[in-house]
Number of protein chains: 2
Amino acid sequence: RYYEYMFGQSRRRRGRRPLGARAEPELSQLQVVIESRDPGCHSYPHLASNEAYHLTVTEPVAVLKANEVWGALRGLETFSQLVHENDYGSFLVNESEIDDFPRFAHRGILLDTSRHYLPLKSILTNLDAMAFNKFNVLHWHIVDDQSFPYQSIYFPELSDKGAYSYNHIYTPTDVRLVIEYARLRGIRVIPEFDTPGHTQSWGKGQKGLLTPCYSGEQPTGSFGPVNPILNTTYNFMTKFFKEISSVFPDAYIHLGGDEVNFDCWKSNPAVKEFMKKQGFGIDYAKLESYYIQKILNIVSSYDKGYMVWQEVFDNKVQLKPETVVQVWMENNYAHELSISHWSEFVTGFTDGFTAILAAPWYLDYISYGQDWKKYYSVEPLNFPGSEKQKKLLIGGEACLWGEFVDATNLTPRLWPRASAVGERLWSSRNVTSLQDAYKRLTNHRCRMLR
Amino acid sequence: RYYEYMFGQSRRRRGRRPLGARAEPELSQLQVVIESRDPGCHSYPHLASNEAYHLTVTEPVAVLKANEVWGALRGLETFSQLVHENDYGSFLVNESEIDDFPRFAHRGILLDTSRHYLPLKSILTNLDAMAFNKFNVLHWHIVDDQSFPYQSIYFPELSDKGAYSYNHIYTPTDVRLVIEYARLRGIRVIPEFDTPGHTQSWGKGQKGLLTPCYSGEQPTGSFGPVNPILNTTYNFMTKFFKEISSVFPDAYIHLGGDEVNFDCWKSNPAVKEFMKKQGFGIDYAKLESYYIQKILNIVSSYDKGYMVWQEVFDNKVQLKPETVVQVWMENNYAHELSISHWSEFVTGFTDGFTAILAAPWYLDYISYGQDWKKYYSVEPLNFPGSEKQKKLLIGGEACLWGEFVDATNLTPRLWPRASAVGERLWSSRNVTSLQDAYKRLTNHRCRMLR
């Protein structure tokens, strides 16, 4: 089946860019060989997927060999980039032999559809761009304080009341479409449902979920993070994450856990009472850990792994060994601090858990000029640690938070800047020349625009 | 004729947004009255055009009165912004009485089509956006070092050899289209042909125009600014600006004159000889003035006024009283210096000549967050000077230089940030509330996206 699908892909590509120049050596065919016969490898990409490929371009038949279909997809992308049109309309490709594989297994783009809603078309266009750049993870930061566009099957009122409007939602069909469109490009879709903070929009459709804030004895009418002391909270989360686990086929769900503000919990008499009972004293990080632990257990029970933001690790929540911790801090000060500063955080994390790096690649922070050089020059393993520790850093993500991004500016703001991150995460450590990268990047930009 | 044209416009607008709600007072007509009968006022907008209008919205007939057609266009724009659609698909407009006129006569947007070529469609889209924001000047920085996309009638080889490619040019038809599209929106098109610096691309199609640079006795093969010592230079410029004067109907041509690097002139033996003969000593600013003076005289002879960058004034070139001097310096340091620093430059300029302000509004310098507030908070007249001096500051321009701008990012980078400049240049000095402006701006952004 995938053998057929591959040839379909390659035919389509060659259909658009027919090969062969008269009176020159001709390349008549690209043969794609998938060597693994394990169908389990091929249905949906995962962290351990093998993206390596071997491409031999000689006349009359070019051969693309890959162990898994995901490697073949990367090889087809490379092949399509080798083909170029000359001034006379002929399509040319140099004789080449390429043995290629990614340096890091997790190469992601974070899109934020809560602060501004992104139409489906923007997301799909971005998935195309990701494939051009061999990214393999869409980190879909789908909900946040500002809006809840995910239309839940069990809890439709979450988006009915929490989305910006009835039009600003992702229906189950939309979500399936994104997942399938991504899968066909070898891209995993990891949804993030961030709790207990960043949840204002959840409260609109799910009464009683958030913690009521108090001023003295009186509730103020405003709400804080998810209420961690009620059984109803966990009943809701159990059902909700059951749905999420089945809607999203990826082996991981991102559970957030960042930036929890304790003020509201501190103001709430029932929470204070609960703290006393649990023996947490006044350490609200313990309450947060208590909550997160329960959520992790819920998600684990559905056979899912989880990703979390670094605070969860900071607060010493007990994590499963395969947890992926996402390092984001210090970037607010990126313009003041040298990029080496985040290495100490990485060191912390690589103490047993796998980590991915987002800190140096917050692409929503724009500035004048060619900032891609800064992103390109990051060496992810540039932190003190043993080889074993460094192996635990499995990749990174370019993050485009949505405060100032919507469909009108998403594509030109993200690309080709993110291409620099893509190459950093795919290519060998020693590929570092900015001049060479500049040439590749400008050509690649033109290819992407076509 | 314009009366008809106006009603055509208004019908078209109301066609898109039909007015009138059932069982409510209905507005059936917008009557547009142009009071001046002088047809000379109406054919092409100019600096002294009257853009004031008076709009009365009461049932059953709204009346828009303006002295000139240009005011009527502004009033129609306002009227279209007053009309809004409610949730039931009815179009509503509040009873209103508006007496409106611009604070500054020159409200411009600078587009740079040399560093990156902009397709015609991008320019026209931008003209629409300008009309939505009541801008009235397109400062078309059409050529520069990087490329010469203007297809000259007399000297077609300038773009044949100086453009990025045969496709990256503006034909005479393209230029006419831009001018007419702008005129119908009350927007003047002022072309900038910047000399003697910023002219590398001119040299490709016009051999002998630029100064050959020397290393000792030997020409290096590279070229500097326009060669100011040859008669052939002035013969060329005479013919070239004759064409420009007739192609562009505006009363002004922008002649540039900024950032002339003297190194090449200093290296050239013939130039040095000429300096001696003229008694300029080693003051190359005098040579620059000599050149500019001649160009100004050429352009004057075609009955055109001119705009120049501030250096021309700095170098004490003799200018006609109606010259418009454009102030741009100090913006490179805008992030370090308070905006008050450019006021001293303004003070210098308002010594007899009219000036426009570009320095605080270089919108190609991007940064994270809502930088529109910075642009909005500029008070153009915030410099020491007499009332008479302040009257000489006749406007400003938002500049989007093209180093990092092309068709892929022009619109989202320029708008709605430039709207802040538009309001600053149109509205009264006392309209300064950022909160109020934010509400208007967000609504206006949605209107522009429709």
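The values are calculated or read from the model by the stated rules, or taken from the named source; none is laboratory data. Since the model is a prediction, treat every value here as computed from it, not as a measurement. Here the Cβ positions follow ideal geometry from the backbone for every residue, glycine too, while neighbour counts run over all protein chains shown. SASA here: full protein model, heavy atoms, side chains in, ligands and nucleic acids out. Shrake-Rupley method; radii C 1.70, N 1.55, O 1.52, S 1.80 Å.
For A:His106, are the conditions met, namely being modelled with pLDDT of 85 or more and either closer than 23 Å to A:Arg429 by Cα or open to solvent by less than 60 Å² (accessible area, probe 1.4 Å) (or both)? Criteria met by A:His106. Here's a check for you: in the stretch A:426-446, which residue that is part of a loop (DSSP other than H, G, I, E, B) and touching a residue at least 12 places away in the same chain (Cβ under 8 Å) is farthest from A:Asn382 (Cα to Cα)? Once the filter is applied, the top-ranked residue is A:Ser427.
Looking across the stretch A:223-264, the residues that are open to solvent by less than 60 Å² (accessible area, probe 1.4 Å), over 22 Å from A:Lys277 (Cα atoms) and in a strand (DSSP E or B) come down to A:Tyr252, A:Ile253, A:His254. Say whether the condition of being closer than 28 Å to B:Asn50 by Cβ and open to solvent by 20 Å² or more (accessible area, probe 1.4 Å) is met by at least one residue in the stretch B:395-403. No, that holds for no residue.
Inspect the stretch A:140-154 for any residue being among the hydroxyl-bearing types (Ser, Thr, Tyr) and open to solvent by 60 Å² or more (accessible area, probe 1.4 Å) and give the result as yes or no. Within the stretch A:140-154, one or more residues are among the hydroxyl-bearing types (Ser, Thr, Tyr) and open to solvent by 60 Å² or more (accessible area, probe 1.4 Å). How many residues, within the stretch B:211-222, are assigned to a strand (DSSP E or B) and either aromatic (Phe, Trp, Tyr) or under 13 Å from B:Asp263 (Cα atoms) (or both)? So the count comes out to 7. Would you please name the residue that is farthest from the other protein chains (Cβ to nearest Cβ), looking only at residues in the stretch B:361-399 that are touching an Asp or Glu at 6+ places or on another chain (Cβ under 9 Å) and part of a helix (DSSP H, G or I)? Among those that are touching an Asp or Glu at 6+ places or on another chain (Cβ under 9 Å) and part of a helix (DSSP H, G or I), it is B:Gln389.
The residues of the stretch A:400-411 that are more than 10 Å from chain B (Cβ to nearest Cβ) and of a type in the set (A, V, I, L, M) amount to a single one, A:Leu400.
Among the residues in the stretch A:412-426, are any open to solvent by 40 Å² or more (accessible area, probe 1.4 Å) and either within 14 Å of another protein chain (Cβ to nearest Cβ) or in contact with a strand residue (DSSP E or B) (Cβ under 8 Å, 6 or more places away or on another chain) (or both)? Yes, the stretch A:412-426 contains a residue that is open to solvent by 40 Å² or more (accessible area, probe 1.4 Å) and either within 14 Å of another protein chain (Cβ to nearest Cβ) or in contact with a strand residue (DSSP E or B) (Cβ under 8 Å, 6 or more places away or on another chain) (or both). Do we have any residue at all in the stretch A:195-217 that's open to solvent by 20 Å² or more (accessible area, probe 1.4 Å) and among the hydroxyl-bearing types (Ser, Thr, Tyr)? Yes, there is a match, as at least one residue in the stretch A:195-217 is open to solvent by 20 Å² or more (accessible area, probe 1.4 Å) and among the hydroxyl-bearing types (Ser, Thr, Tyr). Considering the stretch A:47-59, and only residues there that are part of a loop (DSSP other than H, G, I, E, B) and in contact with a strand residue (DSSP E or B) (Cβ under 7 Å, 6 or more places away or on another chain), the residue that is least open to solvent (accessible area, probe 1.4 Å) turns out to be A:Ala52.
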